[in-house]
Amino acid sequence: MAQPGRLGASSPAQNGAISAAGPPYSNGPLQSPSMHSQVSVSQGYNSPFPGSYPHQIPAKTPLNPASGLYNYGGSQTVSSLNSYQGPGQTLNRLPLEPNPVAPLQPTVPTSRMPPPPSSQTPAAIPASSNSFVYGPDPSPSSNWQYGHPPMGSKTNHFVPVSTQPSLSGNTDMSRNNQYVSLGAPSLQNSYMKTGSSVPPPTNQTLPTIYQPTRAPLGPPPSGGPPPARSLDPQGKTSNSVPPQPQLNSSSLNQEGDSSTANNGSVVENSYDTIEGGGFMAAPQFTNQMSRNVGYSYPSLPPGYQNTSAPNMSGRPSTTLQYSSGLQPFSQSPLGANHLTTSMSGLSLHPEGIRVINLLQERNMLPTTPLKAPVPNLHEDIQKLNCNPELFRCTLTNIPQTQALLNKAKLPLGLLLHPFKDLLQLPVVTSSTIVRCRSCRTYINPFVSFLDQRRWKCNLCYRVNDVPEEFMYNPITRVYGDPLRRPEVQNATIEFMAPSEYMLRPPQPPVYLFVFDVSHNAIETGYLNSVCQSLLDNLDSLPGNTRTKIGFITFDSTIHFYNLQEGLSQPQMLIVSDIEDVFIPMPENLLVNLNENKELIQDLLKTLPQMFTKSLETQSALGPALQSAFKLMSPTGGRISIFQTQLPSIGVGTLKSREEPNQRSSAKEIHLTPSTDFYKKLALDCSGQQVAVDLFLLSGQYSDLASLGCISRYSAGSVYYYPSYHHQHNPVQVEKLQKELKRYLTRKIGFEAVMRIRCTKGLSIHTFHGNFFVRSTDLLSLPNVNPDAGYAVQMSVEENLTDIQVVSFQSALLYTSSKGERRIRVHTMCLPVVSTLNEVYLGADVQAISGLLANMAVDRSITASLSDARDALVNAVIDSLSAYRTSVLSSQQPGLLVPFSLRLFPLFVLALLKQKSFQTGTAARLDERIFAMCQVKNQPLVYLMLMTHPNLYRVDNLSDEGSLNINDKTIPQPPILQLSVEKLSRDGAFLMDAGTVMMLWVGKNCGQNFISQVLGVPNYASLPLNMTHLPDLDTAESARLGSFISWLREHRPFFPILYIIRDESPMKSTFLQYMVEDRTESALSYYEFLLHVQQQVNK
């Protein structure tokens, strides 16, 4: 029986497990039937790096043939190799302490969830164990445990058919490893603000030393740099003449020329050796075990515009901007003489030491967008730190020990947006990419230079040699100062990768579109919109002269289209045998876009009319996907599938599981997949570098919980358009067109892998997002897009007592649409603290809420929706109880919170009322699943907007405090609390909920606004279903229009605008977003605070 209420205690679901009837799947490319269990270590590519991962590919744990189901935990939880406990138990890390920890006994849960509102104040509710699990060393009495799942009896969704567990990679990066320091001094620099209480390291570092006996380095001779002693990727010393490095300080859109690729290459599963190991670089043991792995939800729908660099403008706070030149940075001021202490560095947060009584100060919502807290670092270091929109930690002050983290009852994790569109990005072309020889960290602004010839890694502290080529400054074109290299000046940088980072020649961009053309699909009219969007954007598809494209349509049969050059018109090939699909004429189904553009355009023009008289109602989605996979396997690429109903014939057939009378209940709703077919196929796709994006356009239940697996595990995206119809629902047509334009023209990375590294002593144990974990901690991303976010949970494995700062680094290795192999690296540095007060001081409430939302989705799937809701409430209660008992010296009445967590109860209440977790409303099951998909793969800024919308008064907009962007004036009205108290009948209010906008117009709104902005003579003339503002030549209309356009401009999706009056059908939806108000099934904010106070003061 699963122990409810603790996140992280998921069952040992195997990411990629299949039924016992079939062979185990490998993580890598599809193997022959004789190679099921293991792939040979020699796959044609030798490991270029010493100490990198071996090539063994984990086979998947066989599935219980009776159940046929997987545990979709929404995340990948990592467990240690040496802790297999046998079938039916959760895999756990052995305790770090010599004394073993007693297993947790399952307890009878008692909910601390507030009851539905009644006329009286909520009564006291007994505390329970329904909380998220955070710690690697849980104790039965603790509700908040951050880290690895606790030991104990859990529901096992997999019953192995044999007692021999299958081989699986360990995704826990925290085993003991030897870190070679070569006698080097400890970390040299003091990164902390002056006045800290953190003691200096015991081993004092050497000051910067230059070797006086060495001949000075002059400018390079005319023939290029002098012969250099450089480290090649194998770590060997070679005497060669490196080519002169170049710095392209260009935007992401400036991609170079393509290189040819062998389109028939098979993807080898050796990316681990190419990207290089983290702290798991030691050879892995071959004893077999099952990984404790759940998985994730597909991504949010990306948006409607192509945010190419030249056109990007707007809010400065949401774009990473680099200065035109590289900023000079000298480490000498931060040397041993400046190892002064800090952490009365509260000066950085003058309000940070404030204690807030939320029952007296409820209006804590700032009137401007909430910004991420600034880490308490030396200003010279902080100005080099990574933009929080790309890389963000839930705690900007890292606790020294896991015990301190457990005491704080706050989750430690990272939220990433690694492929975000950037205005400007330094791109370095060099034959030598400088990395740590031990942990393979990329050189970054937070390493220490012991002298001009040696640098110390900021993750594992190994001392490395500086290659000769790194002495050359591409800006000044002189030798001698590695500190001025762009790699040491920028926390975000992109490398043009040499051939050592390729397993095969870079693949061409390949796009395959698969259309449902059953009678139901034709009735919706979606094919007209999609084909027209494709025609309009065909020339804007990311790619080069090698770009390929193909089309498949399906109803009860599968239709291929021969687009061979020389044909006068496209040729349709029908395959009616859907039980054993095959590819007719495979060489002419995926064709070069540029060479066959006329045939492709002809097909797109005729497709919408080809099936208008079809009466075929069946949908063979499964066989169509199998065909698409077979067609794409030789190259990899992107499959875009458009589906309008439940698959009803062939493999992957689904049946309706929605019961309308249970929509509002937190129990007995089907959030798990009903078949493993789509997950298995997605894993096959991932192995062949194919991602699948799903567009679901349906008015009926379509089992998105099952269909979404095809995108979730292949690093794809999910788009959902409920009740799509070209006549009855025209706003959905506009939304589809706008989002399709963004989808077709946005940047894309192919055959990508991503690894996140962190300083020795920290470990990553759970991943959230759309991907497949390949070889422990390497995320496989067949496609990566700029609209996808990721999250990871972490724990403190070893005490950080001798460390002032820790660093985190993500490295994304991908192939651009121009055929270049690139590596995008983000590095973040944060201080280490030793007191509980400092931990609370650095809490990032938005990042904490975002990570908890991801964990709550997992809990909903592995346990139940009510368990997830209980755990969210307990997250607030536990952390504020810990603050009250451990930090506050005097026990005052009221609900006392640190200033950093003043919005924590509000954000958790907003999550409880968000579509993913709400109860008491008749939300469609597919809509709830889609909201969960968005939580799991949406960047934090949009996840928070979807959870806690922004409310503005817009009938009195002025130019005061406005932004001026591209000669346009953008008003900046203050953000209001989400309560009807803030509304007035004589005003107009705009609600921005991320994916939707609503403009509520009060009955007594001024005549000026009604006529000058809405274009109607009076309030009674407002249409009930108005979705567009008229384009009027008035100052008031221009102001509101520019404000709404600015809000929409950088979204990865297109929010529809609804204009609402009192009688409008959308009014109830508008009021549902007022999260501070009471509803029939949920407490008001004040009632929720009283409930939390009651529990905290027990």
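(1) open to solvent by less than 30 Å² (accessible area, probe 1.4 Å); (2) within 30 Å of Glu960 (Cβ to Cβ); (3) assigned to a helix (DSSP H, G or I): which one isn't true of Ile1059, the others all being true?
Going through (1) open to solvent by less than 30 Å² (accessible area, probe 1.4 Å); (2) within 30 Å of Glu960 (Cβ to Cβ); (3) assigned to a helix (DSSP H, G or I) one by one, Ile1059 breaks only (3).
Across the stretch 499-529, what is the number of residues that are open to solvent by less than 30 Å² (accessible area, probe 1.4 Å), touching a Lys or Arg at 6+ places or on another chain (Cβ under 9 Å) and in a helix (DSSP H, G or I)?
Residues that pass the stated criteria total 1.
Say we look at the stretch 468-484 and pick out the residues that are among the charged types (D, E, K, R) and either open to solvent by 10 Å² or more (accessible area, probe 1.4 Å) or at pLDDT 90 or above (or both); which of these is nearest to the chain's Cα centre (by Cα)?
Arg484
What are the pairs, 6+ residues apart or on separate chains, where a residue within the stretch 625-646 that is in a strand (DSSP E or B) has its Cβ under 8 Å from a residue that is among the basic types (Lys, Arg)?
Close Cβ pairs satisfying both conditions: Gly637/Lys548.
Among all residue pairs at least 6 apart or on different chains, which show Cβ distances below 7 Å where the first residue, located in the stretch 926-940, is hydroxyl-bearing (Ser, Thr, Tyr) and the second is in a helix (DSSP H, G or I)?
Short answer, once both residue conditions are applied: none.
Identify, by number, the condition in (1) more than 21 Å from Phe750 (Cβ to Cβ); (2) in a loop (DSSP other than H, G, I, E, B); (3) within 34 Å of the chain's Cα centre (by Cα) that Thr612 doesn't meet.
All conditions pass for Thr612, except number (3).
Taking the stretch 825-853 as the region of interest, how many residues are under 27 Å from Cys439 (Cβ atoms) and touching a Phe, Trp or Tyr at 6+ places or on another chain (Cβ under 7 Å)?
The qualifying residues number 6.
Which is hydrophobic (A, V, I, L, M, F, W, C), surrounded by 24 or more Cβ atoms within 10 Å (Cβ to Cβ) and on the phi < 0 side of the Ramachandran plot, of Leu841, Leu830?
Being hydrophobic (A, V, I, L, M, F, W, C), surrounded by 24 or more Cβ atoms within 10 Å (Cβ to Cβ) and on the phi < 0 side of the Ramachandran plot holds for just one of Leu841, Leu830, which is Leu841.
Which one of the conditions (1) among the β-branched types (Val, Ile, Thr); (2) farther than 25 Å from Glu797 by Cβ; (3) in contact (Cβ under 8 Å) with a residue 40 or more places away in the chain does Ile381 fail to meet, given that it meets all the rest?
Result: Ile381 passes all but (2).
So, in the stretch 455-471, how many residues would count as being over 19 Å from Met828 (Cα atoms) and touching a Ser or Thr at 6+ places or on another chain (Cβ under 9 Å)?
Final tally of qualifying residues: 7.
Step by step: first the residues of the stretch 1029-1039, then only those that are out of contact with any helix residue (DSSP H, G or I) (no Cβ under 9 Å at 6 or more places or on another chain) and not small (Gly, Ala, Ser), then the one that is nearest to Gln972 (Cα to Cα). Which residue is that?
Step by step, filter the stretch 1029-1039, then rank; the result is Arg1039.
Consider the stretch 578-601. How many of its residues are open to solvent by less than 30 Å² (accessible area, probe 1.4 Å), under 35 Å from the mean Cα position of the chain (by Cα) and closer than 16 Å to Leu534 by Cβ?
4
Within the stretch 915-937, track down each residue that is in a loop (DSSP other than H, G, I, E, B), open to solvent by 10 Å² or more (accessible area, probe 1.4 Å) and not hydrophobic (A, V, I, L, M, F, W, C).
Lys915, Gln918, Thr919, Gly920, Thr921, Arg924
Looking at the stretch 535-557, which of the residues that are out of contact with any Lys or Arg (no Cβ under 8 Å at 6 or more places or on another chain) and either aromatic (Phe, Trp, Tyr) or more than 21 Å from Gly636 (Cβ to Cβ) (or both) is most open to solvent (accessible area, probe 1.4 Å)?
The extreme case among them is Asp539.
Free of Cβ contacts under 8 Å to residues at least 60 places away in the same chain and either surrounded by fewer than 24 Cβ atoms within 10 Å (Cβ to Cβ) or farther than 30 Å from Lys383 by Cα (or both): is that true of Ser864 in this structure?
Taking the combined requirement at face value, the residue does not satisfy it.
Return the only residue of Asn1025, Asn1004 being surrounded by fewer than 17 Cβ atoms within 10 Å (Cβ to Cβ) and either more than 30 Å from Met946 (Cβ to Cβ) or aliphatic (A, V, I, L, M) (or both).
Unique residue meeting the criteria: Asn1004.
Anything in the stretch 837-869 that is acidic (Asp, Glu) and closer than 12 Å to Phe907 by Cβ? List them, or say none.
Asp844
Filter the stretch 884-913 down to the residues that are under 30 Å from the mean Cα position of the chain (by Cα) and within 16 Å of Gly842 (Cα to Cα) and list them by number.
Val897, Pro898, Phe899, Ser900, Leu901, Arg902, Leu903, Phe904
State whether one or more residues within the stretch 429-448 are at positive phi, in contact (Cβ under 8 Å) with a residue 12 or more places away in the chain, charged (D, E, K, R) and open to solvent by 10 Å² or more (accessible area, probe 1.4 Å).
yes
Looking at (1) over 12 Å from Leu999 (Cα atoms); (2) not in a helix (DSSP H, G or I), can you tell me which one Ser1064 breaks?
(1)
Which numbered condition in (1) within 26 Å of Gly789 (Cβ to Cβ); (2) surrounded by fewer than 24 Cβ atoms within 10 Å (Cβ to Cβ) is the only one that Asp465 fails?
Among (1) within 26 Å of Gly789 (Cβ to Cβ); (2) surrounded by fewer than 24 Cβ atoms within 10 Å (Cβ to Cβ), Asp465 violates only (1).
Out of the residues in the stretch 615-624 that are part of a helix (DSSP H, G or I) and not small (Gly, Ala, Ser), state the one that is surrounded by the fewest Cβ atoms within 10 Å (Cβ to Cβ).
Restricting to residues being part of a helix (DSSP H, G or I) and not small (Gly, Ala, Ser), the top hit is Pro623.
So which residues in the stretch 451-462 are surrounded by fewer than 20 Cβ atoms within 10 Å (Cβ to Cβ) and in a strand (DSSP E or B), if there are any at all?
Asp451, Arg454
The values are calculated or read from the model by the stated rules, or taken from the named source; none is laboratory data. Note that the structure is a prediction, hence the values are computed from the model and not measured. When we count neighbours, we look across all protein chains shown, and the Cβ atoms used for this are built from the backbone with ideal geometry, even at glycine. Please note that ligands, DNA and RNA were not included when accessible areas were found on the heavy atoms of the full protein model with its side chains. Shrake-Rupley method; radii C 1.70, N 1.55, O 1.52, S 1.80 Å.
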